[in-house]
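Derivation of every value follows stated rules applied to the coordinates shown; laboratory data play no part. Worth saying up front: this structure is predicted, and the values here are computed from it rather than measured.
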Amino acid sequence: MKSPSPAYRGRFAPSPTGRLHFGSLVAAVGSWLLARAARGCWIVRVEDLDPAREVAGADAAILSTLAAFGMVSDEPVIHQSRRTATYAGALARLEARDAVYPCWCSRSDLEPFGGIHPATCLAARDASREPAWRVRVPARTIAFDDAIQGRVAQELAREVGDFVLRRADGWFAYQLAVVVDDAAQAITDVVRGADLVDSTPRQIFLQELLDLPRMRYAHLPLALDAAGRKLSKHERAIAVDADDPLPALRAALAFLGQRPTSERTVAATLAAALDAFDPACIPAGPHAPTPFAALRKELS
């Protein structure tokens with residue numbers, strides 16, 4: 001393989017809420033293939049900013065599982081939980097520009113507005129508890145061209161409202177952390193699941209506020225269970241097995257529309273998949289048309 005090109009820097013950013021499941025494997029394989037096809041770097045970042053949902057040891061388990069599937073970060077893995085000072089600095093920059101404000105609104109306060117925070121806070125200041133910090137959202141539409149989903153547009157004020165950058169519990173929100181880290185790691189291409197496509201206009205807006213570069217985006221279709229729900233780690237019938245990775249790897253490649261391979265090792269399967277990789281075959285739309293039953297059969 002040729003040396004990585006600085007023109008393409010991709011990443012896979014799992015949250016340590018459990019072991020790697022098939023939906024996350026699809027995102028990992030898709031991002032790895034697109035990075036390697038561009039002779040670029042592929043970086044792993046652990047997004048561990050939600051302690052209430054995290055499982056002890058899950059980060060190490062995810063990294064070891066990725067290695068069993070032949071995917072290892074080209075650079076040292078960073079953990080977001082160790083970068084809070086950097087996020088605080090970004091929030092301070094926004095505060096200096098009067099782009100953010102403290103907010104004591106509760107979920108019940110926002111229920112009449114469909115959960116969307118209006119331009120004016122509904123709750124009074126409460127010195128007895130910490131506020132969340134929200135960014136001021138303008139009445140404008142932000143659009144981008146996704147490599148898989150096509151043109152995506154979102155009216156920030158109407159569809160999102162002023163959104164949280166730091167929660168009342170002191171932890172920084174995903175939207176701010178991912179923007180800061182993508183820029184810090186010089187990411188050029190964000191490849192992830194289509195469940196995050198709606199977050200992208202918010203992240204582009206924050207990039208503009210912080211004078212950071214915009215990335216290219218590709219949102220992969222989601223793997224759904226038999227009931228049409230987003231696949232999660234409790235779906236044991238299709239759990240990824242680090243001790244026997246080939247069935248799940250073949251299923252992930254098939255899910256992404258790639259030609260089947262008959263190689264008998266992970267390394268050979270990845271090499272063959274990369275050699276034959278065709279990004280145009282990745283199914284368009286938020287959900288892949290591949291029947292769930294076919295995936296279950298492949299993994300059984």
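Worth a mention:
- Taking the DSSP bridge list for the chain and keeping only pairs wholly inside it, about 45 percent are antiparallel.
- When the Gaussian network model of the chain links Cα atoms closer than 10 Å, the mean-square fluctuations of S64, S15, S262 top out at S262.
- For the chain, modelled as a GNM whose springs connect Cα atoms under 10 angstrom apart, the maximal fluctuation among L91, L20, L196 occurs at L196.
- Whole-angstrom gap from the stretch 171-210 to the stretch 237-278, using each part's C-alpha centre: 29
- Reported label for calculated mean projected area of the Cα convex hull in nm² given (i) 16.3; (ii) 13.9; (iii) 17.0: (i)
- Mean-square fluctuations from a GNM of the chain, with a 10 angstrom spring cutoff on Cα atoms, peak among S108, S31, S199 at S108.
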